[in-house]
Amino acid sequence: MKRAIRNYLAKMQGGEEQPPLPPLTDLVWSGVGAATGVAATGYLSILFDAPLFMVSFGSSCVLVFALPGSRYTQPRNIVAGHLIAVVAGLLLAEAIGVEWWAMAVAIAVMIAINLATRTLHPPAGGTILYVMIEHPDWMFLAMPTLAGSLIIVICAVVFNNLSTGRRYPRYWF
């Protein structure tokens, strides 16, 4: 038993090296790209007088512009990850309410569905909690969720491929 506890505690020490500092060009591309995605979504919201933005899209922009090669930032992950979160959040809020435990169940259900469909996108965890708390209507699927996530993907495709050192996406579906 003592050995099991020691092994368990040893895992918490880390032990791997710190990741290297990225080149300055990556820092600049990531920051400017994320700002472009957020700015495009915000500007188009004002231009079309339509709600195209939600807070979790900020996290999506951080990931897709800082880690464009990640399997969690590919177009299907961004779009389907957020859409699944909204559908699950609306259905679960209606079925089981919005108590603290219901939100825990919602996150678990969303993760399971996202993993099963290969659409895991970490910022969608924020999306489902927002939906559970605010309980928007079903139009929230179209705007801001679908429209906003498509804007982010389009910005990521255009911007990330401007750099010779980047390629986005790795796959679409």
Selection over segment 1-49 where residues are surrounded by 10 or more Cβ atoms within 10 Å (Cβ to Cβ) and outside any helix (DSSP H, G or I) yields a count of 3
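For every residue, the table says whether it meets (1) over 30 Å from Phe173 (Cβ atoms); (2) free of Cβ contacts under 8 Å to residues at least 40 places away in the same chain; (3) out of contact with any Cys (no Cβ under 7 Å at 6 or more places or on another chain).
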| site | (1), (2), (3) |
| --- | --- |
| Arg6 | yes, yes, yes |
| Glu16 | yes, yes, yes |
| Ile78 | no, no, yes |
| Ala106 | no, yes, yes |
Within segment 59-84, residues in a helix (DSSP H, G or I), open to solvent by less than 50 Å² (accessible area, probe 1.4 Å) and of a type in the set (S, T, N, Q) come out as Ser60, Thr73, Asn77
Of (1) closer than 20 Å to Ile107 by Cα; (2) surrounded by 18 or more Cβ atoms within 10 Å (Cβ to Cβ), Ile151 fails just (1)
Residue check, Val87 among the hydrophobic types (A, V, I, L, M, F, W, C), open to solvent by less than 60 Å² (accessible area, probe 1.4 Å) and part of a helix (DSSP H, G or I) = yes
Going through segment 110-129 in order, the residues found to be open to solvent by less than 50 Å² (accessible area, probe 1.4 Å) and not hydroxyl-bearing (Ser, Thr, Tyr) are Met110, Asn114, Leu120, His121, Pro123, Ala124, Gly125, Gly126, Ile128
Per the list (1) within 26 Å of Tyr171 (Cβ to Cβ); (2) touching a residue at least 60 places away in the same chain (Cβ under 8 Å), residue check on Pro51 breaks on (1)
Filtering segment 1-57 down to residues that are small (Gly, Ala, Ser) and modelled with pLDDT of 90 or more yields Ala4, Ser30, Gly31, Gly33, Ala34, Ala35, Gly37, Ala39, Ala40, Gly42, Ser45, Ser56
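The values are calculated or read from the model by the stated rules, or taken from the named source; none is laboratory data. Keep in mind it's a predicted model, so treat the numbers as computed, not measured. Note that each Cβ is placed from the backbone with ideal geometry, even for glycine, and that neighbours are counted across all protein chains shown. These area figures cover heavy atoms from the full protein model, side chains too; ligands, DNA and RNA do not enter into them. Shrake-Rupley method; radii C 1.70, N 1.55, O 1.52, S 1.80 Å.
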